[in-house]
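Student: Below you'll find the structure I mean.
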Amino acid sequence: MAYKIDNAIIKKDRNGKVTLIDPENVFGDEDAFIAVKSDDLITIQLLINAIMKNDFKSWKELGAIPETEPIKSLFVRLGYSREDIANMLKEF
């Protein structure tokens, strides 16, 4: 079973006005929101699913990860191929 993080789109126009695009009204009663880049959100969802399945190939061998390294690089460091990631994305 895949885990899905509830999400919506926060759009900012040229004047800085922010609009919430939430067609399913998931956040209808919420007063505060957090903005996350869409590719980072997908990466977080994939990581959560991998953790839930205990599907990490080389987690203990990662060693120290530089703070400047993007979270997206974890899959490469864990030994996942593009095909592996594509198969995980199909679960959504």
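The values are calculated or read from the model by the stated rules, or taken from the named source; none is laboratory data. What you are looking at is a predicted structure, and each value in this text was computed from that prediction instead of being measured. Virtual Cβ from ideal backbone geometry, glycine too; neighbours counted across all protein chains shown. Surface areas here come from the heavy atoms of the whole protein model, side chains and all, with no ligands, DNA or RNA. Shrake-Rupley method; radii C 1.70, N 1.55, O 1.52, S 1.80 Å.
Student: Would a scan of region 49-56 turn up a residue that is in contact (Cβ under 8 Å) with a residue 24 or more places away in the chain and under 14 Å from the mean Cα position of the chain (by Cα)?
Tutor: Within region 49-56, one or more residues are in contact (Cβ under 8 Å) with a residue 24 or more places away in the chain and under 14 Å from the mean Cα position of the chain (by Cα).
Student: Could you give me the residue pairs with C-beta distances under 8 Å whose first residue belongs to region 62-89 and is under 15 Å from Gln45 (Cα atoms), whose second residue is part of a loop (DSSP other than H, G, I, E, B) and open to solvent by 40 Å² or more (accessible area, probe 1.4 Å) wherever it lies, and which are 6+ apart or on separate chains?
Tutor: Between residues of region 62-89 that are under 15 Å from Gln45 (Cα atoms) and residues that are part of a loop (DSSP other than H, G, I, E, B) and open to solvent by 40 Å² or more (accessible area, probe 1.4 Å), the close pairs are Leu74/Ile65.
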